[in-house]
Amino acid sequence: MKARFSRVAALYLSAGISMSEDQKNINFEQSMEQLEALVQKMESGQLSLEDSLKSFEQGIGLIRGCQKSLQEAKQRVSILVEENGVAELKPFIDDSPND
């Protein structure tokens with residue numbers, strides 16, 4: 001599932017479509033759930049060309065919202081980690097098991 005999602009996400013990232021107002025008002029987790037649902041619908045092959053394009057456009061907006069949320073979180077973490085006016089960057093160690 002993650003490989004398929006990543007493939008579609010890469011397509012979304014490369015396009016230039018703006019985010020709708022509805023997409024701006026949902027949180028990161030909701031956006032990811034909606035993206036996963038869109039990927040499943042698009043991969044099913046049951047959508048018309050027009051519906052596929054609409055889903056693709058919606059997905060691009062969701063990806064942009066996720067990117068913005070992640071960038072804002074990164075900035076907040078950087079501020080919180082900063083000590084004595086000097087940011088101390090530490091490598092991230094992922095302890096979670098790989099799927």
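The values are calculated or read from the model by the stated rules, or taken from the named source; none is laboratory data. Please read these numbers as outputs of a predicted model, since none were measured by experiment. A quick note on method: Cβ atoms are made from the backbone with ideal geometry, for glycine too, and the neighbour counts reach across all protein chains shown.
Conditions tested, residue by residue: (1) more than 9 Å from the chain's Cα centre (by Cα); (2) surrounded by 12 or more Cβ atoms within 10 Å (Cβ to Cβ).
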| position | (1), (2) |
| --- | --- |
| Leu38 | yes, yes |
| Gly45 | yes, no |
| Gln67 | no, yes |
| Arg76 | yes, no |
| Ile79 | yes, no |
Problem set entry | Top-ranked residue in region 1-36 [being surrounded by 12 or more Cβ atoms within 10 Å (Cβ to Cβ) and assigned to a loop (DSSP other than H, G, I, E, B); ranked as modelled with the lowest pLDDT] | Ile17
